[in-house]
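Novice: Okay, here's the structure, questions in a sec.
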Amino acid sequence: MVEIVRQFIERQHLLDRQGLHLAAVSGGADSVCLLLVLKALGYRVEAVHCNFHLRGDESQRDEAFVKRLCQQTGTELHLTHFDTTTYAELHHVSIEMAARELRYHYFEQLRHDIGADTICVAHHQDDSAETILMNMVRGTGLRGMQGIQPQRGHIVRPLLCVDRKQIEEWLKQRGQDYVTDSTNLVPDIVRNQLRLNVIPQLEKACPQAKANILATARRLGEALRVYDNAIGQRLSRLVVDDSIETALLLQEPSAESLLFEWLAPKGFSPKTIEGIHNALRLGTNDGSRQWTSDSHVLVSHRERLTLVPIEPKSPTLRLPETGTYVYANRGKFSVSIADGSIIEKDSHVCCLDAAKVKFPLTIRPTKQGDRFQPLGMKGSKLVSDFLTDRHASPVEKSRQLVVCNADDTIAWLVGQRPDHRYRVTDATAQTLRISLITS
């Protein structure tokens, strides 16, 4: 056991001989084995135990066991307690997810505080096989089929080279006891059902089932390296300024795969990505259309897909007098008055007849039903129609600002056109100059 783990650690470059390493010890067979093997290999290890207060007396029993184990092995122990149930209720997550979030957040904070190099956790081959099957039935995609990886950030898994049977046999030979979490023996969640029911049936039908699952995952991992390289090359060619030309995308051997690798990291679900691909493939995205994740908007407009981060809604800013005003993250608005009739042909500058404008002015985003009279036109027009005529995308429309007079009529569609009613004429005695400074 010790030699197998040593070779695995060295082959995967998991641990630094000179470093300090945290070992997560619950008191179960896996974590007890992890601690003892790392110490047998001569690594500098400190233990960490989390009491989630979810199993009554069992939780207290586990804590007491880990304390004794660390005393017997001369291992420094870091101990913490969590009100897991309250955390789950406050954050609207399952108990399992709450425990995971609490555990790993504490691990990382502790690692940082004591200057540890890694956090060692006791996942082994059975855990990886269960994860592969769980990801398969949940449809998490190719990467989920690789199973648990030996390292992710500062989290390392030195026991992924052995299985549960080997661990328990090694502890038995050493006469080392451990505790058993009774909740692991109840098939009430997907992982437990796979561990207690599904995998034993698979091994009954095919004794090498677990080994074959893991071997397939390793081969898939190698294939994914080729896949990632090809996807990366194609996306680097297709994506320009977070935008892809639709026709070029559809010429690719697997446009849906490219969409998935581009959009999934931005929070788009597989189902949404499939819908986007179908809309493009079937040509049902005529005109402008958009799809939204928690953090981004994907806009289909003028035969291009453009990915745009979602920004906080722009505020309403009141301008009581002339001066310079900072507007959110969009820049500064400078408002001044000059004598005479002045007109500047710059999209970032608006010149209005000062006599027709009344303070306070207001800067705000456009809203549904906004109308104005574009300079040079006789009648009014919906702002949305004006922007459509200028081929503005849905995202550009959502970011459009207006400067309004005291009565909330639009005086300037920022960056586009002043309102005809406030125009500068030969009779203008003073010009109100409003400029947007973006740099």
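The values are calculated or read from the model by the stated rules, or taken from the named source; none is laboratory data. Because the structure is predicted, anything quoted here is derived from the model rather than measured. Every residue, glycine among them, receives a Cβ derived from its backbone with ideal geometry; neighbour counts consider all protein chains shown. The area values use the complete protein model at the heavy-atom level, side chains included, leaving out ligands, DNA and RNA. Shrake-Rupley method; radii C 1.70, N 1.55, O 1.52, S 1.80 Å.
Novice: What would the Debye equation give as log₁₀ I(q)/I(0) for region 57-102 at q = 0.20 Å⁻¹, counting only Cα atoms as equal point scatterers?
Specialist: Summing over Cα pairs of region 57-102 leads to -0.73.
Novice: So what is the relative contact order of region 295-439, in percent, for Cα pairs below 8 Å that sit 6 or more residues apart?
Specialist: Relative contact order of region 295-439: 33 percent.
Novice: Rounded to the nearest 10 degrees, what's the angle between the helix 57-73 long axis and the longest principal axis of the chain, both from Cα atoms, 0 to 90?
Specialist: Long axis of 57-73 versus the principal axis of the chain: about 70 degrees.
Novice: Return one whole number: the accessible area per residue of the chain in Å², for a 1.4 Å probe.
Specialist: Averaged over the residues of the chain, the accessible area is 54 Å².
Novice: Work out the P(r) tail for region 47-150: percent of alpha carbon pairs separated by more than 15 Å, whole number.
Specialist: Counting every Cα pair in region 47-150, those more than 15 Å apart make up 72 percent.
Novice: Take every Cα-Cα distance within the chain, group them into 10 Å bins from 0 onward, and report for each bin the whole-number percent of pairs it holds.
Specialist: Result, from short to long distances: 4, 15, 19, 17, 14, 12, 10, 6, 2, 0, 0 percent.
Novice: How large are Rg and Dmax for region 195-250 when only the alpha carbon atoms are used, in Å?
Specialist: Radius of gyration, then largest Cα-Cα span, for region 195-250: 19.5, 54 Å.
Novice: Note down the relative contact order for region 376-439 as a percent, whole number, built from C-alpha pairs under 8 angstrom at least six residues apart.
Specialist: Value for region 376-439: 18 percent.
Novice: Counting other Cβ atoms within 10 Å, keep those with at most 15, restrict to DSSP loop, and tell me which GluC sites (Glu not before Pro) in region 181-266 are left.
Specialist: none
Novice: At ARG100 and GLN208, where each label point lies 7 Å from the Cα along Cα→Cβ, what is the point-to-point distance in nanometres?
Specialist: 3.2
Novice: Here is a follow-up. Using DSSP to define loop residues, name the trypsin sites (Lys or Arg not before Pro) in region 1-91 whose beta-carbon has at most 12 other beta-carbon atoms within 10 Å.
Specialist: Counting only loop positions with at most 12 other Cβ atoms within 10 Å, the trypsin sites (Lys or Arg not before Pro) in region 1-91 are ARG17.
Novice: Using only C-alpha atoms and all pairs of different ones, pull out the Kirkwood radius for region 239-303 in Å with one decimal.
Specialist: 11.9
Novice: Roughly what percent of Cα-Cα pairs across region 170-227 reach past 20 Å?
Specialist: Above the 20 Å cut-off, region 170-227 has 55 percent of its Cα pairs.
Novice: Next question, about the same structure. From the P(r) of region 1-109, could you give the percentage of C-alpha pairs in the tail past 18 Å?
Specialist: Roughly 54 percent, once rounded to a whole number.
Novice: While we're looking at this one, here's another question. Between ILE213, ILE343, ILE244, which gets the highest mean-square fluctuation from a Gaussian network model of the chain, Cα cutoff 10 Å?
Specialist: ILE343
Novice: So what is log10(I(q)/I(0)) for region 259-368 at q = 0.12, 0.20, 0.21, 0.23 1/Å, when the Debye sum runs over its Cα atoms only?
Specialist: With one equal scatterer per Cα and no solvent, log10 I(q)/I(0) is -0.66, -1.05, -1.12, -1.27.
Novice: May I pose another question? Evaluated at 20 °C with a viscosity of 1.002 mPa s, what Stokes-Einstein diffusion coefficient in µm²/s does region 347-439 have when Rh comes from the Kirkwood expression over alpha-carbon pairs? Please report the intermediate quantities before stating the final value.
Specialist: On the way: Rh = 13.5 Å.
So the translational diffusion coefficient is about 159 µm²/s.
Novice: Of THR322, THR216, THR292, which is the most mobile in a GNM of the chain whose springs link Cα atoms less than 10 angstrom apart?
Specialist: Most flexible of the set in this elastic network: THR322.
Novice: Using a 1.4 angstrom probe on heavy atoms only, work out the carbon and sulfur share of the accessible area of the chain in %.
Specialist: Details: 11770 of 23630 Å².
Of the solvent-accessible surface of the chain, carbon and sulfur hold 50 percent.
Novice: In deg cm²/dmol and to the nearest 500, what is the mean residue ellipticity at 222 nm of the chain if only DSSP H runs of at least 4 residues count, each as -39500 (n - 2.57), divided by the residue total?
Specialist: Numbers: 15 runs with 174 residues, N = 439.
Taking each H run of at least 4 residues, the total per residue is -12000 deg cm²/dmol.
Novice: Additional query: Hey, what's the per residue convex hull volume over the C-alpha atoms of region 122-273, in cubic angstrom? It would help to have the intermediate numbers written out before the result.
Specialist: Values: hull volume 24.1 nm³, N = 152.
Hull volume normalised by residue count: 159 Å³.
Novice: Once each part is reduced to its C-alpha centroid, what is the distance from region 145-200 to region 5-73 in angstrom?
Specialist: For region 145-200 versus region 5-73, the Cα centre distance is 14 Å.
Novice: Going Cα to Cα from LYS67, which lysines come in below 26 Å? Please leave out same-chain ones fewer than 8 positions away.
Specialist: LYS39, LYS165, LYS172
Novice: Less than 25 Å apart at the alpha-carbon level, and either on another chain or at least 8 residues along: which lysines does that give for LYS397?
Specialist: The reachable lysines, counting only those whose Cα sits under 25 Å from LYS397, are LYS266, LYS313, LYS332, LYS345, LYS367, LYS378, LYS381.
Novice: What number, in percent, do you get for the relative contact order of region 162-317 if the mean sequence gap of Cα pairs under 8 Å and at least 6 apart is divided by its residue count?
Specialist: It comes to 14 percent, rounded to a whole number.
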